[in-house]
Amino acid sequence: CFHVSKLKLFLTTTTQHSRAPSSLQMSSSAPEPRKAGVSTPEELAAFVSSAGDNLVVVDARHPDPEVEPGDVKSLAVAGFPSSNVIGEGEYRPRAVNLPWSRESGGMDLLPEGIAKDTPIITHCGGGGRGQMAKDFLESNGFTNVLNGGGPKETDCWAVFGEK
């Protein structure tokens, strides 16, 4: 009991008298840092612009909330493509859902007929599985792939989310 009160006194005194300079204080409205490998909005905008109608978006989220409970949150922001045939769906027509499996460490490959140099953006909810999907596609010969993060990365998502 004596140690707990001494600790409380120390913490109270420390937080009152040793504040970080204002330039180092975290703002509650500051965005979370991007996950490793997620492209910047500027990189994505240039990529989408140069890709035009050749762009393919690979949605690596899993449709089963039992498998990936975190995807429920991102699916509330942005749903799956309305078709898994590229160019045919009304909602996200350039997108195809190819879930990344943490269990197998892989995913299905893109449909036949997609050239290895096709411009591809991978994404999940926030970028982790999107990066794994990017690495997987590259290891299977695809040469023009960026990780777009996901709906959590709102500035990135604004560039390609409706594609």
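The values are calculated or read from the model by the stated rules, or taken from the named source; none is laboratory data. Here the structure is a predicted model, which is why all the values come from computation and not from measurement. Cβ: placed from backbone, ideal geometry, glycine included. Neighbour counts: every protein chain shown. SASA here: full protein model, heavy atoms, side chains in, ligands and nucleic acids out. Shrake-Rupley method; radii C 1.70, N 1.55, O 1.52, S 1.80 Å.
Remarks
- One residue stands out among those in the range 57-73 that are in contact with a Pro (Cβ under 7 Å, 6 or more places away or on another chain) and surrounded by 13 or more Cβ atoms within 10 Å (Cβ to Cβ): the one that is modelled with the lowest pLDDT, which is ASP71.
- So SER104, is it part of a loop (DSSP other than H, G, I, E, B), over 14 Å from the mean Cα position of the chain (by Cα) and within 16 Å of HIS62 (Cβ to Cβ): yes
- Subset tally (residues that are surrounded by fewer than 18 Cβ atoms within 10 Å (Cβ to Cβ) and in contact with a Pro (Cβ under 8 Å, 6 or more places away or on another chain)) for the range 98-107: 0
- When ALA115, ALA45, ALA76 are screened for being within 17 Å of the chain's Cα centre (by Cα) and loosely packed, with under 15 Cβ neighbours inside 10 Å, only ALA76 passes.
- The range 130-152 - residue that is closer than 21 Å to PRO33 by Cα and open to solvent by 50 Å² or more (accessible area, probe 1.4 Å) and, of those, modelled with the lowest pLDDT: LYS152
- Failed criterion for SER82 (all others in (1) open to solvent by 20 Å² or more (accessible area, probe 1.4 Å); (2) in a loop (DSSP other than H, G, I, E, B); (3) modelled with pLDDT under 85; (4) of a type outside the set (Phe, Trp, Tyr) hold): (3)
- Flag if ASP155 is acidic (Asp, Glu), out of contact with any strand residue (DSSP E or B) (no Cβ under 7 Å at 6 or more places or on another chain), closer than 20 Å to SER49 by Cα and open to solvent by 30 Å² or more (accessible area, probe 1.4 Å): yes
- Any hit, the range 118-129, residues being assigned to a loop (DSSP other than H, G, I, E, B), among the hydrophobic types (A, V, I, L, M, F, W, C) and buried (at least 21 other Cβ atoms within 10 Å of the Cβ): yes
Residues checked against (1) of a type in the set (Lys, Arg); (2) farther than 22 Å from SER39 by Cα; (3) in contact with a Lys or Arg (Cβ under 9 Å, 6 or more places away or on another chain); (4) free of Cβ contacts under 8 Å to residues at least 60 places away in the same chain:
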site: VAL85; (1), (2), (3), (4): no, yes, no, yes
site: LEU98; (1), (2), (3), (4): no, no, no, yes
site: ILE114; (1), (2), (3), (4): no, yes, no, yes
site: PRO119; (1), (2), (3), (4): no, no, no, no
site: GLY128; (1), (2), (3), (4): no, no, yes, no
